[in-house]
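Peer 1: First the structure, then my questions, so here it is.
The values are calculated or read from the model by the stated rules, or taken from the named source; none is laboratory data. Model, not experiment: these values are computed from the prediction. Neighbour counts are summed over all protein chains in view; Cβ atoms, including those assigned to glycine, are modelled from backbone coordinates with ideal geometry. Side chains are part of the model used for accessible areas, which takes the heavy atoms of the whole protein and leaves out ligands, DNA and RNA. Shrake-Rupley method; radii C 1.70, N 1.55, O 1.52, S 1.80 Å.
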Amino acid sequence: MSKKLFIETLGCAMNSRDSEHMIAELREKEGYETTDDLSVADLILINTCSVRERPVHKLFSELGGFNKKKKQGAKIGVCGCTASHLGEEIIKRAPYVNFVLGARNVSKICEVLHKDKAVEIDINYDESEFAFKDFRSSPFKAYINISIGCDKSCTFCIVPKTRGDEISIPDELILGEAKKVVAKGVKEIFLLGQNVNNYGRRFSGEHEKVNFTELLRRLSQIEGLERIRFTSPHPLHMDDEFIEEFAKNPKICKSMHMPLQSGSTKVLKEMKRGYSKEWFMNRVEKLRAECPDVSISTDIIVAFPGESDEDFEDTLDVVRRVKFDQLFSFKYSPRPETQAQHFTNVVDDEVASNRLSYLQGLNNEIIDEIHKKLVGNVYRVYFESLTKDNHVSGRSDNNVVIKVKGSEELLGEFKNVKITEIGRTILTGEIVA
Ligand code: SAH
Ligand code: F3S
C-alpha cells in the first residue's frame, strides 16, 4: 500500500505551485499518494505563508492540532516562507516537528524526509533550473514558475528574506514546460513570479537577454495554447512595449493585477515602491486606452506607518478613479527583517481598522456597480471547476468568474455564456450558441 501524504497549502499561487512540486517529488521518488484525511497520513506537510503576522500565530496552534490527530509514527514537516524565516525556532517551539524546509529549498523534500530535525532554509540556494518531477492538480490550467525570489526591497515585505534574490528561469525551460502541459490538454497557463515583468534581468548561467514581453510573445506561438495569465507585474516596470503587447496579443488574457499598495506618493516612497500616484494613474490610463475591456485588480495596504488621513484619501481617490474589478486589502502588519518594522510612526489600530472597513465598503459599492452593468453581456468562458450547488464555474478572458447549471462534461470546454444574475464574487449565466 502506498504511503499517504496530507498537505495543507496557505498563501499565494507560488505556494500552491511549490506544493505541487513537493507532491511530485514525493510521489515519484518515495511512492506517496495524497489524502484529505489527516489521521491516516504518514507524512503531514504544512506549506506556510509569512506575508502577514496572523498566519504565523495560526501555524503553531494548527501544528499542535496535527500532532494530536496524527497517526502514530507519522512525520510532520513545516515548509514555505515561515519555515524560511523562523527556521530552527519552529522545532524549539514545536519539538514534535520532524523537519523544516524553506520556500527556496523545495527540491530537497525527499532528503529532509529522512533526516530527523533537518532545517534546510538557505535562501541563496538556486532552484531556478531544478528538474522537478511532474504533478499538477488541475488538468485544465497549469501554473508555471518563471522566476524565483524577488530583487525589490519594499520596506513592508518579508518575501525577499524568505525567497531570496531574484533569478529568472531560462525561457527554454518555461517553453518546454508549457508545451508539455498543452500536449496533455491544458489550454490555459498561469505564469508565476513575485515580479514577472522584471523577467530576464538575471539568469543563473549565461543566457540570451529575453524580457517578459518577449517571453509572452514566444509562449503565445505554442499551438493549442489558448490563454496566458500571469501574476504579479510591478507597476514600475509596466513599460509601453509591455502594455502594447498585452493589449494586442489575443492569447494574453485581458486581466491585469496592478498592486497599488498606497495611493499616496509620500507613502509609496516610504514603502520604496519606486513609483508615484501619478505614474500609477498614467499606467492605468495607458492600459485602458490600449485595451478598453481590461479588468484590473490590485492589492492595497492600509495604515502603513506614517499614513495620515490625507494619504489615505489619496488611496481612496485612486480607488474611486480606477474602479478596480477586484481589490485585496490588508491592514499593515509589521514583519521581522523588514525596514518598516523599525518605523516608529505607527498608526493607531482603531484608525487602521476603520480605514480598512471604509475601503472595503467603498470597493463593494464599486464592484456591485460594475457587476450590474454586466447583465446581458456574453463572455467566452473556460470551465474549470464544479461548484457545490450543481453548477460548473469558469472565467472569462477578463477574469469574470461565472457559473452555469451543468456537470463534468463542461470541464475543460469553452462556451459562450450570457450573464443572467449578479453576485459579488461569482456571476450566474446561461450557455448561448
Ligand atoms: N510581489 C508580490 C507580493 C507578494 S505579497 C505580488 O506582487 O503579488 C502579496 C501582498 O501582500 C502584497 O501585494 C501586499 O499588498 C501584501 N503585503 C505584503 N507585506 C505586507 C505587510 N507587511 N502587511 C500587510 N500586507 C502586506
Ligand atoms: Fe514583496 Fe515588493 Fe517583492 S511586495 S515580493 S518586495 S515586489
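Peer 1: Which cross-chain or sequence-distant (5 or more) residues have an amide H under 5 Å from the amide H of residue 4, H modelled 1.01 Å from N in plane?
Peer 2: So residue 4 has HN proximity to 33, 42, 43.
Peer 1: Please list, or write none, the aspartates and glutamates whose alpha carbon is within less than 13 Å of the alpha carbon of residue 161, excluding same-chain residues fewer than 8 places away.
Peer 2: 122, 151, 337
Peer 1: Divide by every residue of the chain the summed helix terms, -39500 (n - 2.57) for each DSSP H run of at least 4, and state the resulting mean residue ellipticity at 222 nm, rounded to the nearest 500 deg cm²/dmol. Before the final figure, lay out each step's value.
Peer 2: Values: 13 runs with 144 residues, N = 433.
About -10000 deg cm²/dmol.
Peer 1: If you don't mind, there's one more thing I want to ask. Run through the DSSP bridge list for the stretch 378-432 and note the antiparallel percent, rounded to the nearest 5.
Peer 2: Percentage antiparallel, nearest 5: 90.
Peer 1: Determine how large the accessible area of residue 137 is when every protein chain is in place; take a 1.4 Å probe and give Å² rounded to the nearest 10.
Peer 2: Answer for residue 137: close to 90 Å² accessible.
Peer 1: Scale the Cα Rg of the chain by the rule-of-thumb value 2.2 N^0.38 Å and send over the ratio, two decimals.
Peer 2: 1.00
Peer 1: Which are the unpartnered cysteines of the chain, meaning those with no other cysteine Cβ under 4.7 Å from their Cβ?
Peer 2: 12, 49, 79, 81, 110, 150, 253, 291
Peer 1: Turning to a different aspect of this structure: With a 10 Å cut-off between alpha carbons and a GNM built on the chain, which of 355, 321, 17 moves the most?
Peer 2: Among 355, 321, 17, the largest GNM mean-square fluctuation belongs to 321.
Peer 1: Work out the charge dipole of the chain with +1 on the Cβ of Lys and Arg and -1 on the Cβ of Asp and Glu about the Cα centre, then indicate which of 23, 262, 72 is farthest towards its positive end.
Peer 2: Highest projection toward the positive end goes to 72.
Peer 1: Using the Cβ atoms and a cut-off under 14 Å, what net charge is assigned to the surroundings of residue 410, where Lys and Arg are +1 and Asp and Glu are -1?
Peer 2: My count for the surroundings of residue 410 gives +1.
Peer 1: Residue 125: net charge of surrounding residues, Cβ under 13 Å, Lys/Arg +1, Asp/Glu -1, itself excluded?
Peer 2: Working: positive: 104, 108, 163; negative: 111, 120, 122, 126, 127, 129, 165.
Within the 13 Å Cβ shell, the charges total -4.
Peer 1: Anyone know which of 53, 290, 310 comes out most mobile in the 10 Å Cα GNM of the chain?
Peer 2: Judging by the Gaussian network model, the answer is 310.
Peer 1: Please get the size of the charge dipole for the stretch 3-120, origin at its Cα centre, with Cβ charges of +1 on Lys and Arg and -1 on Asp and Glu, quoted in debye to the nearest 20.
Peer 2: Computed about the Cα centre, the dipole is about 340 debye.
Peer 1: Ranked highest first by the average count of other Cβ atoms within 10 Å around their residues, in what order do 264-272, 203-211, 331-339, 128-136 fall?
Peer 2: Highest mean packing first, the order is 264-272, 331-339, 128-136, 203-211.
Peer 1: Carbon and sulfur atoms: what percent of the 1.4 Å accessible area of the stretch 3-120 do they account for?
Peer 2: Looking at the stretch 3-120 in its full context, I get 46 percent from C and S.
Peer 1: Sorted by accessible area (1.4 Å probe), largest first, how do 109, 148 line up? Each step should come with its number before you reach the end.
Peer 2: On the way: 109 0, 148 25 Å².
From most exposed to least exposed: 148, 109.
Peer 1: May I ask you to give the percent of accessible area on the stretch 136-253 that is carbon plus sulfur, with a probe radius of 1.4 Å?
Peer 2: Carbon and sulfur together cover 49 percent of it.
Peer 1: Then there is this: Using a 10 Å cut-off on Cβ atoms, rank the peptides 412-419, 5-12, 91-98 from the highest mean neighbour count down. Don't skip to the answer; put the middle values down first.
Peer 2: Numbers: 412-419: 17.6, 5-12: 19.6, 91-98: 15.2.
Highest-to-lowest ranking by the protection proxy: 5-12, 412-419, 91-98.
Peer 1: Leaving out ligands and nucleic acids, note down the accessible area per residue over the chain with a 1.4 angstrom probe, in whole Å². Could you put the intermediate results ahead of the total?
Peer 2: On the way: 19230 Å² over 433 residues.
Ligands and nucleic acids excluded, the figure is 44 Å² per residue.
Peer 1: Taking the Cα centre as origin and putting +1 on Lys and Arg beta-carbons and -1 on Asp and Glu beta-carbons, what dipole magnitude results for the chain, to the nearest 20 debye?
Peer 2: 820 debye
Peer 1: Let me ask you something else. How charged is the neighbourhood of residue 153? Take every other residue with its Cβ under 14 Å from the Cβ of residue 153, and add Lys/Arg as +1 and Asp/Glu as -1.
Peer 2: Neighbour charge sum, excluding residue 153 itself: +2.
Peer 1: Using only the heavy atoms of the protein chains and a 1.4 Å probe, how would 379, 358 rank by accessible area, largest first?
Peer 2: Details: 379 35, 358 120 Å².
Sorted by accessible area, descending: 358, 379.
Peer 1: Shifting gears a bit: Past 22 Å, Cα to Cα: identify those pairs from 3/388; 141/323; 3/70; 75/184; 108/209, in the order given.
Peer 2: 3/388; 141/323; 75/184; 108/209
Peer 1: Then there's this: I want the antiparallel fraction of DSSP beta bridges within the chain, as a percent rounded to 5.
Peer 2: Of all bridge pairs located within the chain, approximately 35 percent are antiparallel.
Peer 1: Among DSSP beta bridges whose residues both lie in the stretch 136-253, state the antiparallel percentage, nearest 5. Don't skip to the answer; put the middle values down first.
Peer 2: Numbers: 2 of 14 bridges.
Around 15 percent antiparallel, to the nearest 5.
Peer 1: A further question on this structure: Over the stretch 378-432, what percent of the accessible surface lies on carbon and sulfur atoms, probe 1.4 Å?
Peer 2: Working: 1280 of 2840 Å².
Heavy-atom surface of the stretch 378-432 belonging to carbon and sulfur, 1.4 Å probe: 45 percent.
Peer 1: Would you list 69, 29, 152 from the most to the least accessible area, probe 1.4 Å? Display every interim value, and only then the final one.
Peer 2: Working: 69 135, 29 105, 152 45 Å².
These residues rank, largest area first, as 69, 29, 152.
Peer 1: So what does residue 143 come to for accessible area, using a 1.4 Å probe and Å² rounded to 10?
Peer 2: Approximately 60 Å² for this residue.
Peer 1: According to the Cα gyration tensor, what semi-axes, each the square root of 5 times an eigenvalue, does the equivalent ellipsoid of the stretch 136-253 have, listed from largest to smallest in whole Å? Walk me through the numbers before you get to the answer.
Peer 2: Working: eigenvalues 108, 53, 39 Å².
Here the semi-axes work out to 23, 16, 14 Å.
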